[in-house]
Structure formats: C-alpha cells, structure tokens
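Single-structure report; data block below.
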C-alpha cells in the first residue's frame, strides 16, 4: 500500500464520536482521525512490514499515522538514532505505550534503552523506559532473572518522581517483573519494601500498590504452580 493510499484509507475510517471519547482517557493528540486500534491493526496486516512507509507515516504527526508506523515498522531495521528521534516525539501516554509495545520492545536495543530512558527528565521519555521494562518482563520469555534484577534499582532510583504517568509506569514495571517467577517475585517485593521507606508520597504509593498485588494469593498461587 502506498503512502497516499494509506492516508486515504485512514481518513475514510475517521470517527468524530471516537475523537470526543478519547479525551476521557487522556488520549489528547493535536491531530487525530479517531480510528480504533483494531482497525489500525487490520490495516497493518494488509500492509505487512514496511520500514520505509513507517518513516513516512511517522513524519505525518497524526495519531493514527504514528501508531500504524509503530506496527508496520521492521524491528530489525530500527536504528538507535530512530529510537531517539521517535521517543522525543512522544507527547501523550497512548503513543508512548503503543510504540514501546508494537516496536521498541522487539528491537535489539530494548534493554539498553529502558535503562537509559528511565534516567531521563522528559516525562514521556522516562515513561517509555518503564513501559519497556514492563513489556519486556511479559514478552521476553527467554531472558534470565539477572536482566530484570538489574532493572529494579533503576525503579527504586526514580520512585520519587511524582508525575502521574511516570509513577504509574514505574509501578507497572515493578509489578510485571515481580510476576515473572517466584525468585523475581521475592526480589521485587524486597525492592518495594525499600521503596516504601523512602520519604516520598509517590514512592510509598508505588510500593504499596506493588506489594498488594505481588503478595496476593492469586499471584503467589500462580507462581508456585
């Protein structure tokens, strides 16, 4: 599918009512057609992997073109320069999370970037670091525990950041790491207890919520089976 055909199809799927509803969930891009994620995924299946088209769509700076770009891009062709360029364009949570889930977590630089970005000051760059941690904890089935043990101190280090979208992502990463297996569960709970002792309202919230889930009967039973 050509660049112009892709734009034409996106416009044909525009939904003004969906645009109104997005704001309720904090989805507030400046430009959007209101196309649903399932429809974007259907388009992506028709297009297939296309690195060149993904670059063109990203520069269009519309919600749908950027999400579609993240789905159709080929992770093996994504460079560090591209990741740094795209992450700086994140300006609301949905595009951050979609790009990390659809593309960045599948690149060879995923672990490097989640560590680097978690220390950055920009709100959505830092969020991207923690979203990547959370996603890798779920999707990278072959990774050893040490990979994730190295990430826990980074979560603790940034736990006092009280920006809502940052602390929620840090909490998400901590919980997902702690649900991988029983050993990481124990280590994540220990980290959460250390975070709980910090003189920070944000840190205490992150820790309390993580401990509540990671020590729950449901999680403990699943990990022991």
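Here residue 46 fulfils each of the conditions (1) loosely packed, with under 13 Cβ neighbours inside 10 Å; (2) under 14 Å from residue 73 (Cα atoms); (3) within 22 Å of the chain's Cα centre (by Cα) apart from (3).
Among the residues examined, residue 115 does not qualify as buried (at least 22 other Cβ atoms within 10 Å of the Cβ), in contact (Cβ under 8 Å) with a residue 12 or more places away in the chain and not assigned by TED's automatic domain parsing to the domain that holds residue 51. The combined condition, being surrounded by fewer than 21 Cβ atoms within 10 Å (Cβ to Cβ) and assigned by TED's automatic domain parsing to the domain that holds residue 5, is not fulfilled by residue 64. Test residue 100 against the stated conditions and say whether it is buried (at least 20 other Cβ atoms within 10 Å of the Cβ) and in the same structural domain as residue 146 (by TED's automatic domain parsing). No, not satisfied. The helices (runs of 4 or more DSSP H) found entirely in the stretch 113-205 that carry 1 or more residues being within 23 Å of residue 83 (Cα to Cα) are 123-139, 145-149, 152-157, 164-178. Of all residue pairs spaced 6 or more apart or on separate chains, those with beta-carbon atoms under 6 Å, a first member in the stretch 132-152 that is touching a residue at least 24 places away in the same chain (Cβ under 8 Å) and a second member that is part of a loop (DSSP other than H, G, I, E, B) are 133/151; 137/180. Where helices (runs of 4 or more DSSP H) sit wholly within the stretch 2-100, those with at least 1 residues that are in contact with a helix residue (DSSP H, G or I) (Cβ under 7 Å, 6 or more places away or on another chain) occupy 3-12, 37-47, 51-59, 63-72, 80-87. Among the candidates 156, 126, 167, 179, the residue that is modelled with pLDDT of 95 or more and either under 30 Å from residue 54 (Cβ atoms) or in contact with a strand residue (DSSP E or B) (Cβ under 8 Å, 6 or more places away or on another chain) (or both) is uniquely 126. Put simply, of 88, 142 the only residue that is closer than 28 Å to residue 36 by Cβ, surrounded by fewer than 17 Cβ atoms within 10 Å (Cβ to Cβ) and not assigned by TED's automatic domain parsing to the domain that holds residue 10 is 88.
The values are calculated or read from the model by the stated rules, or taken from the named source; none is laboratory data. Source: prediction; values computed, not measured. Heads up, the Cβs are rebuilt from the backbone with ideal geometry, glycines too, and the neighbour counts pull from every protein chain shown.
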